[in-house]
Every structure is written in structure tokens, then in C-alpha cells.
């Protein structure tokens, strides 16, 4: 015959394992929900032209650096009517003369010049043609390749999850 303390221990163990399983399932569900969230944020303002909203969309990739976060790369898209461009902000320490490779998923990379560098990083502007926008709407990853000042190739990626919705919001 099982004694009461043993029954209590078994009941507590079953309860704990049940809660642990539920919390693990919630964690997996939360991770899946975060993966499906848009990685693009749309912001609008009428500061420049009070009668009209001017919108942009952006994504920032950061890494933990002690108690703070450090920006690795960011992409901001400005759209004026049917014209759009993407401004890529890159970190310091790049070979500026090598430019930036830009590709969507497995498409061949196109090279663009870095047009400026300052205390905040290096910048490249890429016009968003209809073909590029279409590729970004159907793609998964924006791939950027640069060369460090030490000659090392550096590959960066931005998610295109939520790109279509964010781009369409800027109309």
C-alpha cells in the first residue's frame, strides 16, 4: 500500500511535469509567433509637409554588447509616390572602395558604391526598382556583403518577413 506522503509526492511530480510541458509548449508557440511577426516598422510624420504624411519603413539588426545593444546594420526605405529607395547603414571598419553587395535570397549579387561615411557608420543608397520591390515582396532574406578593412568578407542578412505589408502601408 502506498503511503500518503508518497501519493503527495507523485501528485506534485505529475502536476509539475504537466505545468512544465505547458510552459514548454507556450515557449515554442511564442517563438513561432515572434518568427512570424513583421521585422519591418513603419513610421509616418507630417513634420516636413503638414498637409501630407511622409512614411518610411525600417529594420535594425543589433547584437548584445554588455548591458546595451550595438547596431550592426539597418535598412530604411523611403517611398515618394512610385519612387522608392533603401538607405543601408553599415558599421565602421569597412573597405569603402569595395562597396556593398545586395541580393535577395539566392539571386546574384549586385554591387553598389558606399556614398558616405561619418561618425555613425557608412551609407549606401539603393534605388528600389519595380523588379527589386517584387523580389523583396516574394523573398525571405535581403543579403548584404561587404569587405572589412582587414580584407575579410562580411555577410549580413535582414529578414523580409512583413516587408509586403509594411511597403503597402506606405502608399
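Eigen-decomposition of the gyration tensor built on the alpha-carbon atoms of the range 78-120 gives equivalent ellipsoid semi-axes of 21, 17, 9 angstrom, largest listed first.
Computed from the C-beta positions of residue 46 and residue 83, the FRET efficiency with R₀ = 25 Å rounds to 0.80. Here the contact order of the range 44-120, divided by its residue count and restricted to Cα pairs under 8 Å and six or more residues apart, works out to 17 percent.
Summary of the geometry: the range 49-88 and the range 110-171, compared by the centres of their Cα atoms, lie 11 Å apart.
In the range 62-150, the alpha-carbon atoms span a convex hull of 126 Å³ per residue.
Where a number appears in this text, it was derived from the coordinates with a stated rule and is not lab data. All values derive from a computational prediction rather than experimental measurement. Glycine gets a Cβ as well: all are built from the backbone with ideal geometry, and neighbour counts include every protein chain shown.
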